[in-house]
Amino acid sequence: MKTVIITGASRGIGRATAEYFAEHDWRVIVNYNHSAAEATALVDTIRANNGEAYAFQADVGEYEQCKALVEYALSFGKVDALVNNAAISEVGLFDMLSIERERRLFDVDLFAPMNLSRLILPHMIHEKNGAIVNISSMWGQVGASCEVQYSTAKAAIIGFTKALAKEVAPSGIRVNCVAPGVIDTEMNAHLSETDISALSEEIPMCRIGTAREVAECIYFLCENGNYITGQIIAPNGGIVM
Ligand code: NAP
């Protein structure tokens, strides 16, 4: 049985991704930070459907907790895939965000994927096998007004993906990125119905996406896509091409 670590799997895209991997017979390490009840309920649901999943609390913005998460996952033997999904967003004018909150955003959105990759790579290199999928955003591709720090971190994730992909490809590890468009999760809870319908009018496919549609892309990059590395796959309904 293959094992995947999914960060921020208690809710939203991470949760849908955990369900998708479990449905395809992967052992899923469900990382969460605050939402213990949601993570436990998800693990219970997966197990009720004969899947295998384990919840592990770790604030991935903290290096030592990343280390504990990776050690826990490795206690099952081999780790085949890492999905760097956990992130926080901040909405507001660039210069209004405090330095502390800005640093926290970079710790969670950029340094956590880098730290977790650093921690899992020696194992994957030893196995000469592994897939890392980093979750960016369309805003990392085109920039979002009033989400400057988030857009910057998500753009950096794209650069990180490409550079790391080149470095570790000879060792048999693939590193890819999924850059979703507007997806129906709590991260967009600040958007009103009017905002969503205005956004939908700008999307060629005329609707926002589902977490499941993003999960399908993530899974494809881990399980299939054997000749794909350093790529940005964008489930976004065509809003960014
Ligand atoms: P969400 O609904 O807000 O869920 C965020 C998840 O990240 C939660 O499970 C949360 O866990 C976890 N998390 C946050 N901080 C964490 C930390 N320090 N340590 C561990 N886990 C942490 O977000 P989402 O919409 O599913 O977004 C998932 C990914 O897709 C993110 O990378 C996001 O930037 C990206 N994305 C989303 C959209 C969109 O429209 N939704 C679009 C483009 C990209 P707890 O609740 O347990 O703390």
In order over region 215-224: 3J(HN,Hα) from phi, Karplus 6.51/-1.76/1.60, θ = phi - 60°, whole Hz, x for each Gly or Pro, gives 4, 4, 5, 4, 4, 4, 5, 8, 8, 10
Here, region 1-100 modelled as identical Cα point scatterers in vacuum has Debye log10 I(q)/I(0) at q = 0.16 Å⁻¹ of -0.64
The alpha-carbon center of region 15-58 and that of region 188-241 are separated, in whole Å, by 22
Region 1-59 - accessible surface per residue (Å², probe 1.4 Å): 41
Per-residue accessible area, 1.4 Å probe, largest first, puts H24, H126 in the order H126, H24
For N31, the residues 5 or more places away or on another chain with a placed amide H closer than 5 Å to its own amide H are I6, G8, A9, F56
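If we sort 30-37, 135-142, 160-167 on the protection proxy, mean other Cβ atoms within 10 Å, highest first, what's the order?
Peptide ranking by packing, descending: 135-142, 30-37, 160-167.
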Highest-first arrangement of 12-23, 42-53, where packing means the average Cβ count within 10 Å: 12-23, 42-53
Efficiency by 1/(1 + (r/R0)^6): what FRET value for Y227 and H126, r their Cβ-Cβ distance, R0 = 25 Å, to the nearest 0.05? 0.65
To test your reading of the geometry: what angle, between 0 and 90 degrees and rounded to tens, separates the Cα axis of helix 12-23 from the longest principal axis of the chain? 30
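Assuming 0.36 nm per residue, please report the length gained on full extension of the stretch H34 to E62 beyond their Cα-Cα distance.
8.7 nm
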Can you work out ³J(HN,Hα) from phi for every residue in region 131-147, in order, using Karplus 6.51 cos²θ - 1.76 cosθ + 1.60 and θ = phi - 60°, giving whole Hz and x for Gly and Pro? 9, 10, 10, 9, 9, 9, 6, 4, 6, x, 8, 10, x, 10, 4, 6, 9
Of all accessible heavy-atom area on the chain, the percent that carbon and sulfur account for (1.4 Å): 53
Ranked output for segments 207-215, 93-101 by mean other Cβ atoms within 10 Å, highest leading, reads 207-215, 93-101
Roughly speaking, what is the stretch gain from V240 to S197, that is 0.36 nm per residue apart minus the C-alpha to C-alpha distance, in nm to one decimal? 13.7 nm
Diffusion coefficient, µm² s⁻¹, Stokes-Einstein with Kirkwood Rh over alpha-carbon pairs of the chain at 4 °C and 1.567 mPa s: 72
Where Lys and Arg each count +1 and Asp and Glu each count -1, what net charge lies around R103 among other residues with Cβ under 13 Å from its Cβ? -4
For the chain, what does the helix formula give at 222 nm: sum of -39500 (n - 2.57) over DSSP H segments with n ≥ 4, over the residue count, nearest 500 deg cm²/dmol? -14000 deg cm²/dmol
Checked against the positive end of the charge dipole of region 1-64 (+1 on Cβ of Lys and Arg, -1 on Cβ of Asp and Glu, about the Cα centre), the farthest of Y20, I6, N31 is Y20
The extension gain from H190 to H24, computed as 0.36 nm times the residue separation minus the Cα-Cα distance, is 56.4 nm
Placed amide H near N236: partners under 5 Å, 5+ positions off or other chain: G181
Label-to-label distance, nm, for residues given as C146 and E102 (7 Å Cα→Cβ offset): 2.0
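Considering Cα pairs under 8 angstrom that are at least six residues apart, work out the relative contact order of region 75-129 and quote it in whole percent.
That works out to 50 percent.
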Accessible area per residue for region 86-197 in Å², computed with a 1.4 Å probe and the full protein assembly in place, what is it? 48
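The values are calculated or read from the model by the stated rules, or taken from the named source; none is laboratory data. These figures come from a predicted structure and were not determined experimentally. No Cβ is skipped: glycine too gets one built from the backbone with ideal geometry, and neighbour counts run over all protein chains shown. What goes into the accessible areas is simple: the full protein's heavy atoms, side chains included, and nothing from ligands, DNA or RNA. Shrake-Rupley method; radii C 1.70, N 1.55, O 1.52, S 1.80 Å.
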